[in-house]
Amino acid sequence: MLFNLNKPAAKKIKKLIRPSENSIFFFEYNIRSLPFLHVPRCSYVNVYMKWKKDSYYDSIEHIHQSIQLKPVVALKNCIVKEPNSCIPISAVSKRGLQLDVPMKVARFMRLYPSIFEEYTGPQYNLPWFRLTPKAADIDREEKRVYEECREDLRSRLKRMILMTRENVLPLKIIQGMQWYLGLPDDFLQYPEQNLDESFRFVDMEDGLKGLAVESKEKVCSVMEKNAMQRGLYSGGPMEAIEFPFFPSKGLRMRTKIDDWLCEFQKLPYISPYDDFSNLDPNIDIAEKRLVGVLHEILSLFVDHSAERKKLFCLKKYFGLPQKMHRAFERHPHMFYLSFRNKTCTVILKEAYNDISAIEKHPILRVRKKYIKLVKESEVILRNRRVNNRFSNRSAEVDLDSGDVDEGGCATSRFFKTRSKLVYEMAN
């Protein structure tokens, strides 16, 4: 054969080919190592990461009460829109699906007597509802916050649209995200008051109406702002920014995953507001952009959390991969998945471990007051049940069978019955 060489000859050829100064293949010009040449890499090993329950995040009240509070606030808004601030049940009884009410509207409203006051209407003896004085006070405070923080709410909506592929988002997507962004229900109905000249309504594909934003100003993400304040980021391209990690107690990962996370932190940070059209989706840096986008979106929300299924509708417009849910599973130090309320809620850990890292939403304080008022309804309903059961038990006392003593006072049997009832309700 042509290359049938003995071992000494083969070693000599390898020595000549080896890149060194004595090699016949040596070049005086050395190619400089560029940063982007080392970026396209994919070192992650797709392994199973076990979910770890964390009672701290599962006990954050305003997050898990948000699902219950949303239809309550929607019904409250229907009432305050009326001139007399009261409505018959027929006005909302057919809108349960639209208002996210999980049962019959009348039954739902009666579950919250601390918010909705029921009375008999002027005609046909129909049930009517109005706000209680406490609920009316919180509603006035809410309107005042919306008026004072209109610029902040506008900025949050603008930043969310600027993260999209074409700086445009369908109106139906925005309406689905209004609760998380803290926008009032009628925010888009009054564009002259709530939007500035950078917003414009456009026609999108499939006959959808959209809201676009035109802005030439550079927008910095929360990660970039925090890194600049700490002197870890100068704003240049291809700079690495490490994500803040907050591991849950008892959460341990395999060594190869820890090694991958260390390498992942060293990758360049791509801002959610930068163009990503030329980014290869199969490399680690694409996943770092995905994590950065999710971090930025959750930082804009009121309680820095959202139902996972609600975030899936953003895939198409934000350029997110089909299996974006894996980012929550691969990065348990950043995101926590809570399975309370028969749904999966994504919680941004940084917002509840570093108070100064993310600015609090102005409407959060108002929602906490609504939640406190909702809890008062539970006490009212409990007391009603106690009184009803107590009255039913007392009616069973047979006054003709010697259960009343000579002085006309109830005997010990009656008091034993009441004591037993109080004990049952207390436990």
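The values are calculated or read from the model by the stated rules, or taken from the named source; none is laboratory data. What you see is a predicted model; the values in this text were computed from it and never measured. Positions of Cβ are generated from backbone atoms using ideal geometry, with glycine treated the same way; all protein chains shown enter the neighbour counts. Side chains are part of the model used for accessible areas, which takes the heavy atoms of the whole protein and leaves out ligands, DNA and RNA. Shrake-Rupley method; radii C 1.70, N 1.55, O 1.52, S 1.80 Å.
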Report task. Tally the residues that are open to solvent by 30 Å² or more (accessible area, probe 1.4 Å), of a type in the set (Ser, Thr, Tyr) and assigned to a loop (DSSP other than H, G, I, E, B), restricting the search to the stretch 216-256. Result -> 1
Query - Any helices (runs of 4 or more DSSP H) falling wholly within the stretch 124-215 and containing at least 2 residues that are more than 26 Å from the chain's Cα centre (by Cα) and in contact (Cβ under 8 Å) with a residue 12 or more places away in the chain - result: 133-148
Report task. Residue by residue through the stretch 258-272, note down the ones that are more than 26 Å from the chain's Cα centre (by Cα) and either open to solvent by 20 Å² or more (accessible area, probe 1.4 Å) or of a type in the set (Val, Ile, Thr) (or both). Result -> 258, 259, 262, 263, 266
Report task. Taking residue 296 as the residue in question, decide whether it is among the acidic types (Asp, Glu) and under 19 Å from residue 175 (Cβ atoms). Result -> no
Requested in this report: For residues that are buried (at least 16 other Cβ atoms within 10 Å of the Cβ) and of a type in the set (S, T, N, Q), scanning just the stretch 98-141, find the one that is nearest to residue 382 (Cα to Cα).
Outcome: 114
Report task. List every residue pair whose Cβ atoms sit under 9 Å apart, with the two residues 6 or more apart in sequence or on different chains, where the first one lies in the stretch 250-266 and is under 15 Å from residue 334 (Cβ atoms) and the second, anywhere, is open to solvent by 100 Å² or more (accessible area, probe 1.4 Å) and modelled with pLDDT of 85 or more. Result -> 265/242
Report summary line: Conditions (1) in contact (Cβ under 8 Å) with a residue 12 or more places away in the chain; (2) in a helix (DSSP H, G or I) -> residue 100 fails only (2)
Query raised in the report: Which one is surrounded by the fewest Cβ atoms within 10 Å (Cβ to Cβ), of the residues in the stretch 273-331 that are free of Cβ contacts under 8 Å to residues at least 40 places away in the same chain and of a type in the set (A, V, I, L, M, F, W, C)?
Result: 312
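What residue, of 276, 243, is within 27 Å of residue 156 (Cα to Cα) and modelled with pLDDT of 90 or more?
Residue meeting the stated conditions: 243.
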Query raised in the report: Condition test on residue 203, is it in contact with a strand residue (DSSP E or B) (Cβ under 7 Å, 6 or more places away or on another chain), at pLDDT 95 or above and among the charged types (D, E, K, R)?
Result: no
Requested in this report: Taking residue 302 as meeting all but one of (1) within 30 Å of residue 206 (Cα to Cα); (2) at pLDDT 95 or above, write down the number of the exception.
Outcome: (1)
Query raised in the report: What are the residues in the stretch 354-367 that are at pLDDT 90 or above, more than 16 Å from the chain's Cα centre (by Cα) and not aliphatic (A, V, I, L, M), if any?
Result: 354, 365
